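S.K.: Below: one structure in structure tokens.
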Amino acid sequence: MLIDLHVHSYLSRDCQLDPRAVLSRAEGFGLDGVAFTETNTQDGCDELFDLQRSSKLRIFVGLELATDKGQYLCFFEKPERAPEPVQLWGSNREKPWSADECLPRLASLGAAIVAARPFDREFPTPAGDYVKSLKLLSAVEVYNPKVRPGANELAIEAAAQLKLPGVGGSDTRSSLDELGYAATLFKKPVSSQAGLVTALREGAFHAVQMGELPHLRRPGEARTEEAQARKKKKKRRWPR
């Protein structure tokens, strides 16, 4: 069963996409399901689940939690009953929520947690190697088409070190054109929200790239590429 585990809609503050249009487009790419992972919220999950009546795709709901040490996809068996992050930790406008505080609490509440784009340096506070210290993850997002190939390869290395499976997700946010490039293939059918949480914990799945194949690199080349990119970014550019 092919599911895109990382999709946004207008229920995320920084997204304008209609979830109905997302589902229609996803169906055209042969996906079997879509997980809406709105930024820092599951408010609106009832609206998303109601769309199941008119969609052939299975609809799942999670949230993408932004912390001081990376982003994390969190899935609850009953998202409508899970507390909102702002209820647990207050506003994050002054400073981001603490991963050290948030992740154990969400795990204790029954969430299956996936590290999302952990080596993406476009995010202000990426997880980086911190993700390798986490013992409560169910998986690592190892293919996100919106990040540099080197960042995905570092995520693959981290998943291997943690002995965790990898997931794929399109991270669709700005345009419907971002759909159809990544998904997660589950070996068994996933027919419910609770079933998704169970499947993530069992680990019988792997990331799938859709579309054009990437350029394959030699071992170690990804880390070298990341180091060069950081060095280049630090250079000061004087006006001519």
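Just so you know, all these numbers are worked out from the coordinates, no wet-lab data involved. Every value quoted in this text rests on a predicted model; they were computed, and no experiment measured them. Cβ placement follows ideal geometry from the backbone for every residue including glycine, while neighbour counts extend to all protein chains displayed.
S.K.: What is the sum of charges, Lys and Arg at +1 and Asp and Glu at -1, for the other residues whose Cβ falls under 12 Å from the Cβ of ALA159?
M.R.: Values: positive: LYS132, LYS163; negative: GLU141, GLU153, GLU157.
Net charge in that neighbourhood comes out at -1.
S.K.: Give the angle, between 0 and 90 degrees and rounded to the nearest 10, that separates the Cα long axis of helix 19-28 from the longest principal axis of the Cα atoms of the chain.
M.R.: For helix 19-28, the angle is close to 80 degrees.
S.K.: Along the Cα-to-C-beta direction of ARG53, a point sits 7 Å from the Cα; which residues of the range 179-214 have their amide N less than 19 Å from that point?
M.R.: 193
S.K.: Considering all alpha-carbon pairs of the chain, what whole percent are spaced by more than 29 angstrom?
M.R.: 25
S.K.: Could you check the spin-label model distance between SER191 and ASP100? Points 7 Å from the Cα along Cα→Cβ, value in nm.
M.R.: Calculated label separation equals 4.5 nm.
S.K.: To the nearest 10 degrees, how steeply does helix 149-162 sit against the main Cα axis of the chain, on a 0 to 90 scale?
M.R.: It is inclined by approximately 70 degrees.
S.K.: Can you tell me the dipole magnitude for the range 2-234 around its Cα centre, using point charges on the Cβ only (Lys, Arg +1; Asp, Glu -1), in Debye to the nearest 20?
M.R.: Charge dipole of the range 2-234: 720 debye, to the nearest 20.
S.K.: Can you list the aspartates and glutamates whose alpha carbon is less than 17 Å from that of LYS78, not counting same-chain residues fewer than 8 positions off?
M.R.: GLU38, ASP43, ASP46, GLU47, ASP50, GLU64
S.K.: Beyond 27 Å, what share of the Cα-Cα pairs of the range 1-132 remains, rounded to the nearest whole percent?
M.R.: Here the long-distance tail beyond 27 Å is 19 percent of all Cα pairs in the range 1-132.
S.K.: Please list the three semi-axes, largest first and in whole Å, of the ellipsoid equivalent to the range 99-187, using sqrt of 5 times the eigenvalues of its alpha carbon gyration tensor.
M.R.: Semi-axes, largest first: 21, 15, 14 Å.
S.K.: Same structure again: Considering the chain as a Gaussian network with a 10 Å cut-off on Cα pairs, which listed residue, SER170, SER192, SER12, attains the greatest mean-square fluctuation?
M.R.: SER192
S.K.: Placing +1 on the Cβ of each Lys and Arg and -1 on the Cβ of each Asp and Glu in the chain, which of SER192, LEU23, SER133 has its Cα farthest towards the positive end of the resulting dipole?
M.R.: Ranked along the dipole, the leading option is SER133.
S.K.: Cβ under 14 Å from SER55's Cβ, SER55 left aside: what net charge do those residues give with Lys, Arg +1 and Asp, Glu -1?
M.R.: Its environment carries a net charge of -1.
S.K.: By how many nm would the segment from GLU27 to GLN209 lengthen if fully extended, with 0.36 nm per residue of separation less the alpha-carbon distance?
M.R.: Value of the extension gain: 63.9 nm.
S.K.: Expressed as a rounded percentage, what relative contact order does the chain have, with Cα pairs under 8 Å and six or more residues apart?
M.R.: Rounded, it is 20 percent for the chain.
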